[in-house]
Amino acid sequence: MAGKPKLHYFNGRGRMECIRWLLAAAGVEFEEKFIEQPEDLDKLKSDGSLMFQQVPLVEIDGMKLVQTRAILNYVATKYNLYGKDMKERALIDMYSEGVADLGDMIMLLPLCPPDEKDAKIAQIKETTTNRYLPAFEKVLKSHGQDYLVGNKLSKADIHLVELLYYVEELDPSLLANFPLLKGLKTRVSNLPAVKKFLQPGSQRKPPMDEKNLEEAKRIFRIK
């Protein structure tokens, strides 16, 4: 029997969190090997584990996979979260890329200079409510089904619900005018595997705070 996937990253959200979410939603137990010192990262680079000299790194099925989207696509394919045909996969990819665009804006917010933060938050809120959330609400309304593609749970739903949690952390009122998205969030959150992941004490990571940010900068030698 193959061992659990092993995730190599620092003890924070970053670009690994969407992988944690997807594995958890698929009901897959995984191990985490935290990068705690710059030397830990150096070792992964020197032993050839990191093809492009960067993490996330996931060891799964005898492979050492890097690049977030490649990892997500492998996991989604392996656990039947990637649609039934090429057309469905194209839609799932399209929706997932939209989620990633907005998710990156929110994820990088802690790196914003303090004097620019208020303006950046205002811009993200405007983009969230005028561009991204209306697009996903429209998809759900267009077919009246429970999930974004093929009336079946896919990685696009999981990525979107993860994003909705981040949007609520930014400002709970941003979801007020999107009843179908709120319904999707409730539906996915109540799936047993996801519900377990949302409980305190799971491998889900909290929002990045100042301490967490400084730790990441130290590990990755970011000035």
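Taking all protein chains into account, the per residue accessible area for the chain stands at 54 Å² (1.4 Å probe).
DSSP beta bridges confined to the chain are antiparallel in about 65 percent of cases. In this calculation the C-beta distance from residue 186 to residue 40 is compared with R0 = 25 Å, giving a FRET efficiency of 0.05. Convex hull volume of the Cα atoms of the chain, normalised per residue: 132 Å³. Considering only protein heavy atoms and a 1.4 Å probe, what is the carbon-and-sulfur percentage of the accessible area of segment 1-154? Its accessible area is 53 percent carbon and sulfur atoms. Centre-to-centre, using Cα atoms only, segment 140-187 and segment 26-90 are separated by 25 Å. Estimated at the nearest 10 Å², the accessible area of residue 46 is 100 Å² with a 1.4 Å probe. Taking amide H positions as placed 1.01 Å from N in the peptide plane, with prolines and chain starts having none, which residues 5 or more places from residue 152, or on another chain, fall under 5 Å of its amide H? Here 147 satisfy the definition. 3J(HN,Hα) along segment 80-93: 6, 10, 9, x, 9, 7, 4, 5, 5, 5, 4, 5, 4, 5 Hz, from the Karplus curve 6.51 cos²θ - 1.76 cosθ + 1.60 with θ = phi - 60°, whole Hz, x for Gly and Pro.
Dividing the radius of gyration of the alpha carbons in segment 86-191 by their Kirkwood radius gives 0.99 for Rg/Rh. A 1.4 Å probe, protein heavy atoms only, puts the accessible area of residue 161 near 0 Å². Among 43, 141, the sequence by solvent-accessible area, most first, with a 1.4 Å probe is 141, 43.
Counted over segment 1-130 with a bin width of 5 Å, the fraction of Cα pairs per bin, in whole percents, is 2, 9, 17, 18, 17, 16, 12, 7, 3, 0, 0. Note on the chain: helix-only mean residue ellipticity at 222 nm, from DSSP H runs of 4+ residues weighted -39500 (n - 2.57) and normalised by residue number, equals -16000 deg cm²/dmol. Estimate the FRET efficiency between residue 116 and residue 213 by the formula 1/(1 + (r/R0)^6), using the beta-carbon distance for r and 22 Å for R0, to the nearest 0.05. The pair residue 116/residue 213 has a calculated efficiency of 0.90. Only lysine pairs 8 or more places apart, or on different chains, with alpha-carbon atoms under 20 angstrom apart are counted in segment 1-144, and they number 19.
The values are calculated or read from the model by the stated rules, or taken from the named source; none is laboratory data. Because the structure is predicted, anything quoted here is derived from the model rather than measured. Neighbour counts are summed over all protein chains in view; Cβ atoms, including those assigned to glycine, are modelled from backbone coordinates with ideal geometry. For the accessible areas, the whole protein counts, side chains as well, though only heavy atoms, and no ligand, DNA or RNA atoms are used. Shrake-Rupley method; radii C 1.70, N 1.55, O 1.52, S 1.80 Å.
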